[in-house]
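The values are calculated or read from the model by the stated rules, or taken from the named source; none is laboratory data. Quick caveat, the model's predicted, so the values are computed rather than measured. FYI the Cβ positions are ideal-geometry reconstructions off the backbone, even for glycines, and counts take in every protein chain you see.
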Amino acid sequence: MTRQTRTTLTRRGFGTLIAASAATLATPGLLRANTNGRLLVVGGGFGGASAARFARINYPDVSVTLVEPQTSFVTCPYGNLILGGRKQLSDITHSYDGLRARGVQVIHDRAQEIDAEGHRVTLAGGDVLDYDKLILSPGIALRWNAIEGYDEAASEVFPHAWWGGDGSQITTLRAQLEALPEGGVVGMAIPDNPFRCPPGPYERISMIAHHLKQANPTAKILAFDSKDGFAKQGLFQDAWEELYGDMIEWIPASQDGRIMRVDTENKLFVSEFGEEHHVDLGNVIPPQYAAGIARDAGLANDSGWVPVNPRSFEAEAARDIHVIGDANVGAPMPKSGYIANSTAKTAVTAALAEISGRPAWDDPVYFNTCYSHAGEDYGISVAAIFRPTDDGFEATPDSGGVSPSGPLSEMSRNRRLEARYADAWYASITDDMFS
């Protein structure tokens, strides 16, 4: 079993990190300011909802408008637990009513065009919104046909389930799992970096295996990966071996794990060297880039992601547009919900500093903790702290690490506690977004 060299968190260190992370969810009173201005937030996910709420609390005289096409938000985090039979769609669906109660004007429409010079956004319904500062948190788009044969129509057969939307993709994938023939093969295609939620595919493997262990124990999971390594690899592989035996086969890029073509009619995955793999169920997570509105506005570079000022998240290509969440160039920070929440507050502070006459943070700190469920009462995590540099972002040395490794017989209490920490994190961060 391949293992990664990694820093582990002591119990005391983990507790300190959780306390520090929890502090980022609180509202810093020193940022409160009386001012006027129009803050427009586009995108109502982890970044946008966090930004809108934070702005209303700390800048009560600023007009805050949130534009989001969905009338409720289905989170990607915890979506994998639906596949494992441990959550329902309603458990990960959140209302915007709390933001409205705080005074945020919530408009359910799609932002279609940004006029950066004119400081206005045109909506699909025809309305035009003016702004002084724009927080753009549009999320990702999938690179259709980056894998030959995988277009939007193909995703109805081989679901990606890689954004919340109305939840239909994740419920479709769950229904396909329940209908999998006895001893059937689940095929997964996993993209190269960067992509949304680096540990997400491997939690998904775990939760699918959790379901199959109970409902279809002779089934097999073939996980084709476009990389040779992944987040929390040693911890995940330990869990797979202990909990699921030989049900899971992970195929790295160096062993022909890169899927280049799919055939939904014949249910085939075709790898880089031309080998065909028949699957009874296909889950394809294609390559990604920033959502179309960011690219259409000329904010993205050739990578498809948006370069930003690492201290303010202002787009390099346009003043007064601050791009947060998965859409920006943030490496080595992961594209995670926690990073979106953490950086949203810095972006709002920086965006409104000029209007309010208050200084932005000189040395902002960005926190990330990412929990994954690998089985029933089996949680693992990775944590880190990041800071801006003149060239981008960097991880603070010795600021985090991963869960300690070891056999389940020795680590069962730790794994149970981390699963509970994960649940507490989810409750806390969604409350920080929507309450």
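Based on this model, can you work out whether Ile135 counts as modelled with pLDDT of 95 or more, under 26 Å from Leu352 (Cα atoms) and either in a strand (DSSP E or B) or aliphatic (A, V, I, L, M) (or both)? Considered against the rule, which asks whether it is modelled with pLDDT of 95 or more, under 26 Å from Leu352 (Cα atoms) and either in a strand (DSSP E or B) or aliphatic (A, V, I, L, M) (or both), Ile135 comes out as yes. For the range 171-196, the set of residues classified as among the polar types (S, T, N, Q) and not in a helix (DSSP H, G or I) consists of Asn193 only. With the requirement that a residue be of a type in the set (Phe, Trp, Tyr) and closer than 19 Å to Tyr202 by Cα, what does the range 346-391 give you? Answer for the range 346-391, where residues must be of a type in the set (Phe, Trp, Tyr) and closer than 19 Å to Tyr202 by Cα: Tyr371, Tyr378.
Inside the range 48-74, can you point out the residues that are surrounded by 24 or more Cβ atoms within 10 Å (Cβ to Cβ), over 19 Å from the mean Cα position of the chain (by Cα) and in a loop (DSSP other than H, G, I, E, B)? Correct list: Tyr59 only.
For Glu410, the requirement of being free of Cβ contacts under 8 Å to residues at least 60 places away in the same chain, of a type outside the set (Phe, Trp, Tyr) and farther than 22 Å from Leu81 by Cα is met. Looking only at the range 282-303, residues that are surrounded by 15 or more Cβ atoms within 10 Å (Cβ to Cβ), touching a Phe, Trp or Tyr at 6+ places or on another chain (Cβ under 9 Å) and under 30 Å from Gln112 (Cβ atoms) come to 10 in all.
Ala350 passes every criterion in (1) in a loop (DSSP other than H, G, I, E, B); (2) hydrophobic (A, V, I, L, M, F, W, C); (3) in contact with a strand residue (DSSP E or B) (Cβ under 8 Å, 6 or more places away or on another chain) apart from (1).
Conditions tested, residue by residue: (1) on the phi < 0 side of the Ramachandran plot; (2) in a helix (DSSP H, G or I).
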site: Gly304; (1), (2): no, no
site: Arg311; (1), (2): yes, no
site: Pro334; (1), (2): yes, no
site: Tyr338; (1), (2): yes, yes
site: Ala344; (1), (2): yes, yes
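Of everything listed in (1) touching a strand residue (DSSP E or B) at 6+ places or on another chain (Cβ under 9 Å); (2) surrounded by fewer than 18 Cβ atoms within 10 Å (Cβ to Cβ); (3) not charged (D, E, K, R), the single unmet condition for Asn193 is (1). Which residues, taken from the range 125-154, are in contact (Cβ under 8 Å) with a residue 24 or more places away in the chain and surrounded by fewer than 20 Cβ atoms within 10 Å (Cβ to Cβ)? Those that are in contact (Cβ under 8 Å) with a residue 24 or more places away in the chain and surrounded by fewer than 20 Cβ atoms within 10 Å (Cβ to Cβ): Leu129, Asp130, Asp132, Ala141, Arg143, Trp144, Ala146, Glu148, Gly149. Being in contact with a Pro (Cβ under 7 Å, 6 or more places away or on another chain), buried (at least 20 other Cβ atoms within 10 Å of the Cβ) and either among the hydrophobic types (A, V, I, L, M, F, W, C) or at pLDDT below 95 (or both) is a property that does not hold for Ile170.
Listed by first and then second residue, the pairs linking a residue in the range 268-292 that is without any contact (Cβ under 8 Å) to a residue 60 or more places away in the chain and within 15 Å of Ile251 (Cβ to Cβ) to a residue that is among the acidic types (Asp, Glu) and part of a loop (DSSP other than H, G, I, E, B), with Cβ atoms under 8 Å apart and 6 or more places separating them unless they lie on different chains, are Ser271/Asp256; Glu272/Asp256; Phe273/Asp256; Glu275/Asp256. Of all residues in the range 413-430, those being within 27 Å of Thr343 (Cβ to Cβ), in contact (Cβ under 8 Å) with a residue 24 or more places away in the chain and not aromatic (Phe, Trp, Tyr) number 7.
Okay, residues lined up against (1) buried (at least 21 other Cβ atoms within 10 Å of the Cβ); (2) touching a helix residue (DSSP H, G or I) at 6+ places or on another chain (Cβ under 7 Å); (3) within 30 Å of Lys213 (Cβ to Cβ):
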{"site": "Ala340", "(1), (2), (3)": "yes, yes, no"}
{"site": "Pro364", "(1), (2), (3)": "no, yes, no"}
{"site": "Arg387", "(1), (2), (3)": "no, no, no"}
{"site": "Pro397", "(1), (2), (3)": "no, no, no"}
{"site": "Gly406", "(1), (2), (3)": "no, no, yes"}
{"site": "Ser412", "(1), (2), (3)": "no, no, yes"}
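Under the condition of being under 23 Å from Arg38 (Cα atoms) and either surrounded by fewer than 17 Cβ atoms within 10 Å (Cβ to Cβ) or free of Cβ contacts under 8 Å to residues at least 60 places away in the same chain (or both), the residues counted in the range 307-316 number 6. Just for the range 401-435: of the residues that are of a type in the set (S, T, N, Q) and not in a helix (DSSP H, G or I), which one is nearest to Thr71 (Cα to Cα)? Here the residue is Ser435. Applying the condition of being β-branched (Val, Ile, Thr) and not in a loop (DSSP other than H, G, I, E, B) to the range 354-399 and asking which residue is modelled with the lowest pLDDT yields Ile355.
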